[in-house]
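> One structure is given below, represented as structure tokens, and several questions about it will come after.
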Amino acid sequence: MRARLAASAVIVALLAVGTTGCTFITPQATSKMYDASDGIGTMLGDIRVDNALLVTADGTTASLLINLVNHTDYGIQVNIQYENADQTKIIDSIYVNSDSVTSVGGADASKFVLTGIDAPAGSLFPVFLQYGDVTGKQMWLPVLAPNGEYASLAPTSAPTP
């Protein structure tokens, strides 16, 4: 009887280790950064850039949609640079408060419009981000048409940035 009980205990232990053992050696998927939506992301020093993309109806003006995450104890002014169709460099900036997320371009967020560009829907458009003395990064942002969830996010006129 004891041998049967011991054998049952060993079988139960082997089944438990066999069915859960993979979790000890498999890396957690939730700990890896990935772009969960249509935009792209990167790390820029202490700033995490999430879901960056452009929405355009005409290919000459586009709304920038971007989330900038700042986990530091100080605010950061992020410079955004792009070239228009005339090869003129345009530089503007977005201020990100300390320990916060700044969302730009969404339905309830402030607008940031790129003007005079040549970026039809379906293309990629280069935008350079930088702040302070941190080495900047050029991101090739996907350019989307104002369809579906982006239908109301394209610029309606050409306001100044």
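> So, Lys111, is that one basic (Lys, Arg) and at pLDDT 95 or above or not?
It is false that Lys111 is basic (Lys, Arg) and at pLDDT 95 or above.
> Scan region 33-50 residue by residue and report those that are assigned to a strand (DSSP E or B) and touching a Leu at 6+ places or on another chain (Cβ under 7 Å).
The answer is Ile40, Leu44, Ile47, Val49.
The values are calculated or read from the model by the stated rules, or taken from the named source; none is laboratory data. From a predicted model like this one, the values you see are computed outputs, not experimental measurements. Neighbour counts are summed over all protein chains in view; Cβ atoms, including those assigned to glycine, are modelled from backbone coordinates with ideal geometry.
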